[in-house]
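Data first, discussion second: the structure below is written as structure tokens.
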């Protein structure tokens, strides 16, 4: 490794990989720092369908990537992709970008307290391990923006007000004008449990006035890659710390969903666990109803949290998602809406984790990306 790199890229998301490739093609020496062990971030971690719009507008390194994925499937380009295929293409692009120009280090996280020892100008960054890397230019291509924050760059977490940059759609939105039907219940239901307390996922914090700023962030979910092929399925195990009460809001949504939806298996499946088909017999799952795979209210401390805080939030999302997808018999036993929940149980068990994307059993599985 050189004493000083031309460009140090922190974060091997797809943006980080593209930046490293562009730098290498420009004849520069590049260091790409992976905080984990996979390339591609969300692009190789479950976000499998591309909201592409007009295909003719996609070019450059992005166009090369989607063309490379397409070649894996015998097509000119692919806009639906399996995580393992996407990562394989990114790795190949990195290798071809410039032999000897890109160094990659894995499982190196920035020291959140002492990661940027210089004032005002970044010359070197320090990892948790004590390893340090020097560069002439640094790019923060992580999702969390830790390098940006450690360097003292001004930033915002949450929503800015409409007045900050004179943006008419910024800030708190008008609750009287819901932007998407799927985010709201079809009719009013009680937000309280039998003990008189608010159900999980419901907050009594004031929403704020339309246009106001706040520090909230959009709910997180895992964009799961699943399969209904029996030979390739890894069943969702019952997670440690599973609490059926966390899904009462979901049960009430099911109970108050019109029969025209719940009696139509395909339509009900689309709203309960919407899965869009992928090549290779897999499918991508996203949220689809007001109490879905989105773990509402559980991520508030993630953006500015330390690594221990974030790991706790990550594992809480793992537990919630496994419970949503795989533990319906246990949930059902704690529900008053037995019939509605019974209809749902067969739907969710149709889909499980595919072996070619998750390397180990579901207990410790980690998506390829």
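Overview of values
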| quantity | calculated |
| --- | --- |
| Any hit, segment 183-197, residues being in contact with a helix residue (DSSP H, G or I) (Cβ under 8 Å, 6 or more places away or on another chain) and in a helix (DSSP H, G or I) | no |
| Set 198, 224, 147, 249: member being in contact with a strand residue (DSSP E or B) (Cβ under 9 Å, 6 or more places away or on another chain) and at pLDDT below 90 | 224 |
| Positions within segment 115-165 being farther than 21 Å from residue 18 by Cβ and touching a helix residue (DSSP H, G or I) at 6+ places or on another chain (Cβ under 7 Å), in sequence order | 115, 116, 155 |
| Search result, residues across segment 205-225 that are part of a loop (DSSP other than H, G, I, E, B), in contact (Cβ under 8 Å) with a residue 40 or more places away in the chain and closer than 23 Å to residue 288 by Cβ | 216, 217, 219, 221, 222, 223 |
| Counted residues, segment 142-153 - those being closer than 18 Å to residue 310 by Cα and either over 25 Å from the mean Cα position of the chain (by Cα) or part of a loop (DSSP other than H, G, I, E, B) (or both) | 4 |
| Restricting segment 201-216 to residues that are under 21 Å from the mean Cα position of the chain (by Cα) and surrounded by 15 or more Cβ atoms within 10 Å (Cβ to Cβ), the residue that is nearest to residue 276 (Cα to Cα) | 201 |
| The lone exception for residue 68 - which of (1) farther than 29 Å from residue 311 by Cβ; (2) free of Cβ contacts under 8 Å to residues at least 24 places away in the same chain; (3) part of a helix (DSSP H, G or I) it fails | (2) |
| Filter pass, residue 282 being touching a residue at least 24 places away in the same chain (Cβ under 8 Å) and crowded, with 19+ Cβ neighbours inside 10 Å | yes |
| Single match in 97, 77, 86 (criterion: out of contact with any strand residue (DSSP E or B) (no Cβ under 9 Å at 6 or more places or on another chain) and crowded, with 16+ Cβ neighbours inside 10 Å) | 77 |
| Test for residue 42: is it within 25 Å of residue 220 (Cβ to Cβ), touching a residue at least 40 places away in the same chain (Cβ under 8 Å) and in a helix (DSSP H, G or I) | yes |
| Matching residues in segment 16-37 - criterion: being surrounded by fewer than 20 Cβ atoms within 10 Å (Cβ to Cβ) and within 17 Å of the chain's Cα centre (by Cα) | 36, 37 |
| Failed condition for residue 98, given (1) at pLDDT 95 or above; (2) touching a helix residue (DSSP H, G or I) at 6+ places or on another chain (Cβ under 6 Å) | (1) |
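Every residue, every condition in (1) in the same structural domain as residue 61 (by TED's automatic domain parsing); (2) in a helix (DSSP H, G or I), yes or no:
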| residue | (1), (2) |
| --- | --- |
| 78 | yes, no |
| 84 | yes, yes |
| 94 | yes, yes |
| 115 | yes, no |
| 136 | yes, no |
| 164 | no, yes |
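The values are calculated or read from the model by the stated rules, or taken from the named source; none is laboratory data. Predicted model, so just to flag it, every value in this text is computed and none were measured. Don't worry about glycine lacking a Cβ; one is built from the backbone with ideal geometry, like all the others, and counts go over all protein chains shown.
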